[in-house]
């Protein structure tokens, strides 16, 4: 069977790496990593959630998430409390400082990303979105 998917795989990885090279320096300039931003963006304007829920909603693996949560907690931007419905788990939410940080960095970073994404027209964005959704489905089914 021919490996006709290799160019697709190469382009997928290359596109992700290019995105990271564009996105990460903007976040670094605001004092955070891509992973920290993902957690803060997910928790912003939301009720506290369990670590399991946070893991599902972010792109962060469980092993990485623990360290990120500890660093963000040490910075005073998030807090963990016992889950009143299940004492074995914790509820994670932004502190007042964390919400203020979210309100500053989230729109600023989206504006940075829009500079790149605005180079695509509506139909190109829709086509890419559909293709990425299809790729996601084939790996999760």
ask   = Mind checking the angle between helix 6-29 and the chain's longest principal axis? C-alpha axes, 0 to 90 degrees, to the nearest 10.
value = 40
note = The base-10 log of I(q)/I(0) that the Debye equation returns for the chain at q = 0.21 Å⁻¹, one scatterer per C-alpha, is -1.33
key: Nitroxide proxy distance, nm - points 7 Å out along Cα→Cβ at residue 120 and residue 23   = 1.2
note = Taking Cα atoms only, helix 62-74 is inclined relative to the longest principal axis of the chain by an angle, in degrees rounded to 10, of 50
ask   = Using r as the Cβ-Cβ distance of residue 108 and residue 136, and R0 as 30 Å, what FRET efficiency do you calculate, to the nearest 0.05?
value = 0.60
note = Between the Cα axis of helix 96-117 and the main Cα principal axis of the chain, the angle (0 to 90°, nearest 10) is 10
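When the chain is fully extended, how far beyond the present Cα-Cα distance does residue 30 get from residue 9, taking 0.36 nm per residue of separation?
Numbers: separation 21, 0.36 × 21 = 7.56 nm, distance 3.18 nm.
Working it through step by step, the gained length comes to 4.4 nm.
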Relative contact order %, the range 20-141, counting alpha carbon pairs below 8 Å whose residues are six or more apart = 24
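Since every read-out is calculated from the coordinates, none of them should be taken as a lab result. Because the structure is predicted, anything quoted here is derived from the model rather than measured. Please note: Cβ atoms are built from the backbone with ideal geometry, for glycine as well, and neighbour counts cover all protein chains shown.
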